[in-house]
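The values are calculated or read from the model by the stated rules, or taken from the named source; none is laboratory data. Note that the structure is predicted; figures quoted are calculated from it, not measured. Here the Cβ positions follow ideal geometry from the backbone for every residue, glycine too, while neighbour counts run over all protein chains shown. Protein only, heavy atoms only, side chains kept; ligands, DNA and RNA dropped before computing areas. Shrake-Rupley method; radii C 1.70, N 1.55, O 1.52, S 1.80 Å.
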Amino acid sequence: MRQQEKIKVLEDLIAIESVNDHELKVAEYLAKFLERFGIKAKIDRFDGQRANLIAEIGEKQTDQVFCLTGHQDTVAVGDQVKWKTDPFKATIIGERIYGRGSADMKSGLAAEIIALAELAESGWNPPGTLRLLATAGEEFGTPGAYRLAKQGLVDDVNAMVVGEPTSGQVVYAHAGTINYQIQSFGKSVHSSRPEAGINAISGLNAYLTVEKHLFDQAPRDPDLGAFKHSITMISGGSQINIIPDQAVLFGNLRPTPAFPNQKVIQLIKDQVSAINGQSRFQLQFKLLHNFYPVKTAADDLFVQTAAAISAEHFADQVIGLTTINGATDASVFVERNPRIKAIVLGPDAWKSAHQNNEFTTLPSFLAMIKIYRDLVKAYFSV
């Protein structure tokens, strides 16, 4: 493909509005594009306008299965007044291309499908299986990844590249994510006689007081570092002169292999039970999202090969191995198949993801296409 054709693919994807939904239009575009190169893709539609896409090539003579994966949805635009360009019209200024999803992660997704198309166009066919999984809903709840996992589409995968923006750096490990809710139930009375009621906000305060030091003894992960926890939302009460009978808070946690999801959840449950048993307060824990940490050994051949190939194509910057505390669809896939060697590797600019005036750079996007091609070939040559 000519360079301008590749850029046009990214421009087209940015123009498709897929904010937290409507991935079907993206999937239909990807399927039509791949069809030009003789690659048949399956669109798995669900929940109205949601859809995953599955495509693969290969002779299937070996049990090697390499997976390229990326999500089709984006976060919301936010205050459009703060955008210098139309978020749903790709705008090129110098080496940058602006638009919602340009970094996270339609550039990575475009690079993956173009790499797949160019490999097929060249006549190269892997002895095993090269699979592309384009997911729905990664930005909230990962329903697409869960659906693909339940369908068994990662059960045979050996190696995986998630095309999230990393500016060419190779992320070999990332934390998981737990989102949870604590609801407090009290007794409502007039505020002139608070002693007759049970203040639900005070119940939350009992948990907040303990939560501050609840994880002080959490082990530090050698790669991902300290365990991170936050209370991010809180609300309660309906009127200024009424003792509230309900209040709720929401928290976010970043589990690691050293302090895994099950232990984190149990620690919170035990603390809630202790408060309920030792006071008049009644708290209720609810698990909202439970994504697992991902780690592939830094010295693994797959990781080292990816870093070497990325360094070849990002010759003007230092490429290294790194970790992040954010989660990806790989959390769901690795939970289903812990044998997957997964890395996150994509183009610029990871600091612009979810921001106003989001952008990627055209040189990094074009380089990533070559990196994916070379990495796929290197994997199947072993």
(request) Report, in deg cm²/dmol and to the nearest 500, the calculated mean residue ellipticity at 222 nm for the chain, where each DSSP H run with n ≥ 4 adds -39500 (n - 2.57) and the sum is divided by the residue count. (result) -10000 deg cm²/dmol
(message) Under 10 Å, Cα contacts only: if you run a Gaussian network model on the chain, which one of H22, H190, H313 comes out with the highest mean-square fluctuation?
(response) H190
(request) Would you list, by chain and number, the lysines whose Cα falls below 20 Å from the Cα of K150, excluding same-chain residues fewer than 8 positions away? (result) K42, K341
(message) Using 10 Å bins from zero, what percent of all Cα-Cα pairs in segment 34-192 falls into each bin?
(response) 9, 30, 32, 16, 7, 4, 2, 1, 0
(request) Of all alpha-carbon pairs in the chain, indicate the percentage at a distance above 39 angstrom. (result) 24 percent
(request) Excluding residues fewer than 8 places away in the same chain, name every one of the lysines whose C-alpha is closer than 19 Å to that of K263. (result) K212, K228, K286, K295
(request) Could you size up the charge dipole of segment 1-153 around its Cα centre, putting +1 on the beta carbon of Lys and Arg and -1 on that of Asp and Glu, and report it in debye to the nearest 20? (result) 160 debye
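Report the full-extension gain for the segment N357 to Q262: residue separation times 0.36 nm, less the Cα-Cα distance, to one decimal in nm. Each step should come with its number before you reach the end.
Details: separation 95, 0.36 × 95 = 34.20 nm, distance 3.84 nm.
Separation in residues times 0.36 nm, less the Cα-Cα distance, equals 30.4 nm.
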(message) I'd like the Karplus ³J(HN,Hα) series for segment 333-348: coefficients 6.51, -1.76, 1.60, θ = phi - 60°, whole numbers in Hz, and an x wherever there's a Gly or Pro.
(response) 5, 6, 4, 6, 9, x, 7, 5, 8, 10, 10, 10, 8, x, x, 5
(request) Any chance you could run the full-extension gain for Q4 through N276? It's 0.36 nm times the residue separation minus the Cα-Cα distance, nm to one decimal. (result) 91.6 nm
(message) Run the simple label-point estimate for A315 and F185 please: 7 Å along Cα→C-beta, distance reported in nm.
(response) 6.8 nm
(request) First check a/c for segment 82-152, with a ≥ b ≥ c the square roots of the eigenvalues of its C-alpha gyration tensor; if it is under 1.5, answer rounded, and if not, answer prolate when a/b is larger than b/c or oblate otherwise. (result) oblate
(message) Restricting to DSSP loop positions (anything but H, G, I, E, B) with no more than 11 other Cβ atoms inside 10 Å of their own Cβ, which trypsin sites (Lys or Arg not before Pro) remain in segment 33-82?
(response) R36, K40
(request) With an 8 Å cut-off on Cα pairs and a minimum separation of 6 or more residues, tell me the relative contact order of segment 276-356 in percent. (result) 33 percent
(message) In Å and on Cα atoms, what radius of gyration and Dmax does segment 135-201 show?
(response) 22.6, 65
(message) Mean-square fluctuation check for the chain, GNM, Cα pairs under 10 Å: which of L288, L130, L148 is largest?
(response) L288
(message) Rolling a 1.4 Å sphere over the protein heavy atoms, what is the accessible area per residue of the chain, to the nearest Å²?
(response) 44 Å²
(message) Can you give me the % of accessible surface on segment 1-110 that is carbon or sulfur? Probe 1.4 Å, all protein chains present, nothing else counted.
(response) 46 percent
(request) Taking the Cα centre of the chain as origin, sum charge times position over the Cβ atoms of Lys and Arg (+1) and Asp and Glu (-1), and report the length of that vector in debye to the nearest 20. (result) 660 debye
(message) On a full-extension model of 0.36 nm per residue, what is the gain between T62 and S381, subtracting their alpha-carbon distance, rounded to one decimal in nm?
(response) 113.7 nm
(message) For segment 62-125, which chymotrypsin sites (Phe, Trp or Tyr not before Pro) pass both filters: DSSP loop (anything but H, G, I, E, B) and at most 15 other C-beta atoms within 10 Å?
(response) W124
(request) Return the distance in nm (one decimal) between the two label points of a simple spin-label model at D21 and V248, each offset 7 Å from Cα along Cα→Cβ. (result) 1.9 nm
